[in-house]
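Take a look at the structure below.
Just so you know, all these numbers are worked out from the coordinates, no wet-lab data involved. None of these values were measured; they are calculated from a predicted model. Every residue, glycine as well, gets a Cβ built from its backbone with ideal geometry; the counts of neighbours run over all protein chains shown.
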Amino acid sequence: MRVVALILLGLVLGGACGAAGVWQWHRFGQKKTADDQLRAAAGQPVAPVDEVLVPGRAVDDTIRFRTVTVTGRYDATRQLLVRQRQVNDTPGFLVLTPLHTASGRTLYIDRGFVAATGAATLTPNVPDPPAGQVQVTARVLPSENGGLGTGLPARQIERIDVPALAARDGVQAYPAYAELISSTPSQQGLIALPPPDLTNPAGGAYVAQHLAYVVQWFLFSAFALAGPVVLLMLDARARRREPGPKPAPRSEPGPEPEPGPEHRLEPEPGLGPKPEPAPTEAPTA
């Protein structure tokens, strides 16, 4: 029964660890593919926004970080602040301004960052965008999900949810937003946004970490499967080395005891040894 229990335990643990290793292998492949696509997208040449953000095309990792150019006019009346963001470990707000283009669609531009100067309920003053027509070079980012947030101070939102913004403003928007890289004419008064970290562009664990997890889980699986076999082999070896039962000591015959007086045999009358005759002397002459 103990042997069966050990084998079943090893199979269960080995199977669970093996399944985790397979999952980590898939995560490793997904992470590597995402990092490669994002680096490739960031290295693509600058293109007009209408060539990159095509209606009906998903904004995936082949489009994220693409650099685009777009011309239009900022709408300062609908400018918003995206709360609870950080740049260089400084908390503050992203400044999001809609840019109405000649195509009739609106591209929401993250123009930069302003540090928080008080409580989160206070909306800081930010400079207006350049007036008139501007030419913008920006980095494409996918829309955030979850809505704009509720119960917030005036002109503040929690997420850059492009469909929700378009519905709020009553405009036809591109399916993504963009981080400002440069503009003509240039803007003033905002902290420029840093470029993405292309050493780990998809975020989360590094590719090498996922690969290490794969090796780790498969090693655990091998140990779990081999463990019961090793234990049984060691148990069998220990049993073979155990000494068997000692044989009972063999008694050696000792000297026979002398018979006691009660066991001595007395000769019967007339049967005992005969006395020897006395020697006779020879007659003298």
>> Per 0.36 nm of contour for each residue apart, how much would the distance between residue 57 and residue 190 grow if the chain were fully extended, relative to their Cα-Cα spacing?
In response: 44.7 nm
> Which value does Rg/Rh take for region 45-193 over its C-alpha atoms, Rh per Kirkwood?
Replying inline: 0.94
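For region 1-79, how big is Rg over Rh, using alpha carbon atoms and the Kirkwood form of Rh?
Working: Rg = 24.4 Å, Rh = 17.1 Å.
With Rg and the Kirkwood Rh in hand, the quotient comes to 1.42.
Take 28, 223 and order them by how many other Cβ atoms sit within 10 Å, fewest up front. Display every interim value, and only then the final one.
Working: 28 19, 223 14.
Arranged by neighbour count, lowest to highest, 28, 223 become 223, 28.
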> So, in Å, what gap is there between the alpha-carbon centers of region 128-180 and region 198-230?
Replying inline: 40 Å
